[in-house]
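Q: First, the structure itself, so that you have it in front of you.
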Amino acid sequence: MIIAGKSLEQWKANHPLLDDLLQFKEVYWKNPKKGEISQTTELSMQDILDAEARMKRFAPYFRKVFPETNGIIESPISEISNMKAKLEEEEKVKIKGDLLLKRDDILPIAGSIKARGGIYEVIKHAEKLALGHAILTKDDDYSILADKKFTEFFSAFSISVGSTGNLGLSIGIMSAKLGFNVTVHMSSDAKEWKKDLLREKGVQVVEHQADYGAAVAEGRKQCEKKLTCYFIDDENSKDLFLGYAVAALRLKKQFEERGIEVNVENPLHVYLPCGVGGGPGGIAFGLHQVFGEHVHCYFAEPTHSPSMLLGLMTGLHDQVSVQDFGIDNKTAADGLAVGRPSGFVGRVMQPLLEGVYTVTDERMKEMLGWVFETEGIKLEPSALAGMSGPQATAVGKSSRGTHLVWATGGSLVPDEVWVGQ
């Protein structure tokens, strides 16, 4: 087996962690390039502030068509002390500091972390079209976008995306509401209820028997055939990335309201489930812009889909897939079932990320039961990947501070499906 010009044995010699990784064992990889000077991104805090300003311009529109948002797509923070006690009991480890859960599982509109980036890129595209055709100005009350004049205007344009599920939901729901013709290319990992929900919202769903990468490639190919089609590229989109990054500004405000300080005495440790990388990458980038050296971010991946870990560890980024190493990319955590990571995100994260750890499906499902039993919170399996972070990285028992697990989805899962997970 030759991978990028080297035999598997040569890769193992250079990266001994591969032995356990290829046996689907849980591992923790500490990033040796943390702290290096980045050569890869031109993005800055100003870009995040621009994205936040656009979200504010759309607040009247959100308030009108999605009253439950009250104009802002944001989630609360929950202190999960009962879950912390359960983890300590089961893992036989003491977690220093508070354990908090960022509740992106109940984000309005799409019920997952993807409501951040997905909805942001759709509204940015809509704004660009409306401004470009001189039917909107930035001084207007954006609630007028709900008027028939605008939905008819947007109906002349198409939006397309490839997804394992949650990104498709956020882009599909938002695009259809604005009036766009929207197509979501779903991979074989996507849950049936997500496809059904999209169809109910007027979204065209194209099913693929192959995995996430194939769905994205086909979606891009189909979209390129039409001049009026806009493809949202989960692997390389800076707009998606910045939509996620806005979360850091919101989190800072929530921490201030709770009296939580982030500094050298009280660092912030954040555990982010990772698929292709856009969501966790954008959030981690934003957090570093806001909290600087006092925030420490970790990515969590399923043992059967450790694409970002392989990309970062080998330095090959999007030039390598888990399948190249004989890993099957099959996991119950559908949002994380990604065989090839985003090269754009991997390169941005290289100097920022503390490390990556892997979690078995069995552990995610076990913790799914624990968090419902102890806190009454209903999550998707992928949302639990972050929960073992304090133990998996050994940070919880060695470092004081605040530990924040970033939930990804769960609130829209039908009860009968959730029970069977």
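The values are calculated or read from the model by the stated rules, or taken from the named source; none is laboratory data. A quick note: this is a predicted structure, and the numbers were derived from the prediction, not measured. As a convention, Cβ positions derive from the backbone with ideal geometry for all residues, glycine included, and neighbour counts pool all protein chains shown. Accessible surface areas use protein heavy atoms only, side chains included; no ligands, DNA or RNA. Shrake-Rupley method; radii C 1.70, N 1.55, O 1.52, S 1.80 Å.
Q: Taking a probe of 1.4 Å, how large is the accessible area per residue of region 56-184, in Å²?
A: Per residue, region 56-184 has an accessible area of 37 Å².
Q: Okay, helix-only estimate at 222 nm for the chain: each DSSP H run of n ≥ 4 adds -39500 (n - 2.57), divide by all residues, round to 500 deg cm²/dmol; what do you get?
A: Calculated at 222 nm, the ellipticity per residue is -12500 deg cm²/dmol.
Q: Just to confirm the filter: which trypsin sites (Lys or Arg not before Pro) across region 211-269 are DSSP coil and have at most 15 other Cβ within 10 angstrom of their Cβ?
A: Passing both the DSSP loop test and the Cβ count: K225, K226.
Q: What value does region 1-50 have for Rg/Rh, both radii from Cα atoms and Rh as Kirkwood defines it?
A: Reported Rg/Rh, Kirkwood definition of Rh: 1.20.
Q: Sequence gap at least 6, Cα distance under 8 Å: using those rules, report the relative contact order of region 1-143 to the nearest whole percent.
A: About 19 percent, as a whole number.
Q: Hey, another quick one. If I histogram all Cα-Cα distances within region 273-421 using bins 10 Å wide from 0, what percent of pairs lands in each bin?
A: 12, 41, 35, 12, 0
Q: Which Cys residues of the chain have no other Cys beta carbon under 4.7 Å away?
A: Within the chain, the cysteines lacking a partner Cβ under 4.7 Å are C274, C297.
Q: Pull out a ≥ b ≥ c, the square roots of the eigenvalues of the alpha-carbon gyration tensor of region 214-358, then state rounded if a/c is under 1.5, prolate if not and a/b is larger than b/c, and oblate in the remaining case.
A: oblate
Q: Still on this structure: Would you please classify the overall shape of region 233-309 from the alpha carbon gyration tensor, given that a ≥ b ≥ c denote the square roots of the eigenvalues, rounded means a/c under 1.5, and beyond that prolate means a/b larger than b/c while oblate covers the rest?
A: oblate
Q: So how long is each side of region 146-284 along the principal axes, counting just the alpha-carbon atoms, biggest first, in Å?
A: In descending order, the Cα extents are 54, 39, 28 Å.
Q: Give me the percent of the accessible area of region 273-421 that comes from carbon and sulfur atoms, probe 1.4 Å, all protein chains in place.
A: The nonpolar share, carbon plus sulfur, comes to 47 percent.
Q: With θ taken as phi - 60° and the coefficients 6.51, -1.76 and 1.60, list the Karplus ³J(HN,Hα) couplings across region 244-259 in order, rounded to whole Hz; mark glycine and proline as x.
A: 5, 4, 4, 4, 5, 5, 5, 5, 4, 5, 5, 5, 4, 5, 8, x
Q: With labels modelled as points extended 7 Å from the Cα through the Cβ direction, what inter-label distance (nm, one decimal) is found for K6 paired with E36?
A: The two pseudo-label positions are separated by 1.4 nm.
Q: With the chain treated as a Gaussian network of Cα nodes joined by springs under 10 Å, which of G213, G292, G346 yields the largest mean-square fluctuation?
A: Checking each option, the largest mean-square fluctuation is seen for G292.
Q: Give the shape of region 72-223 as rounded, prolate or oblate, defined through the alpha-carbon gyration tensor: a ≥ b ≥ c are the square roots of its eigenvalues, a/c under 1.5 means rounded, and otherwise the shape is prolate if a/b is larger than b/c and oblate if not.
A: oblate
Q: Now, a different point. Counting pairs on different chains as well as pairs 8 or more places apart, how many Lys pairs in region 58-176 have Cα atoms under 20 Å apart?
A: 21
Q: Right, something else. Beyond 13 Å, what share of the Cα-Cα pairs of region 167-222 is found? Please give it as a whole percent.
A: 54 percent
Q: Report relative contact order for the chain in percent, whole number only (criteria: Cα-Cα under 8 Å, sequence separation at least 6).
A: 22 percent
Q: Using the scaling law 2.2 N^0.38 Å as the reference, what is the normalised Cα Rg of the chain?
A: 0.94
Q: Here's another thing I want to ask about it. How large is the convex hull of the Cα atoms of region 17-132 per residue, expressed in Å³ as a whole number?
A: About 211 Å³ per residue, rounded to a whole number.
Q: Using only Cα atoms, locate the centre of region 185-229 and the centre of region 280-343, then give the distance between them in Å, rounded to an integer.
A: 22 Å
Q: Another question about this same structure. Over region 204-291, calculate the relative contact order: mean separation of alpha carbon pairs under 8 Å at least 6 apart, over the residue count, as a percent.
A: 35 percent.
Q: About the Cα centre of the chain, how large is the charge dipole given +1 on each Lys and Arg Cβ and -1 on each Asp and Glu Cβ? Please answer in debye to the nearest 20.
A: Dipole of the chain, to the nearest 20 debye: 680 debye.
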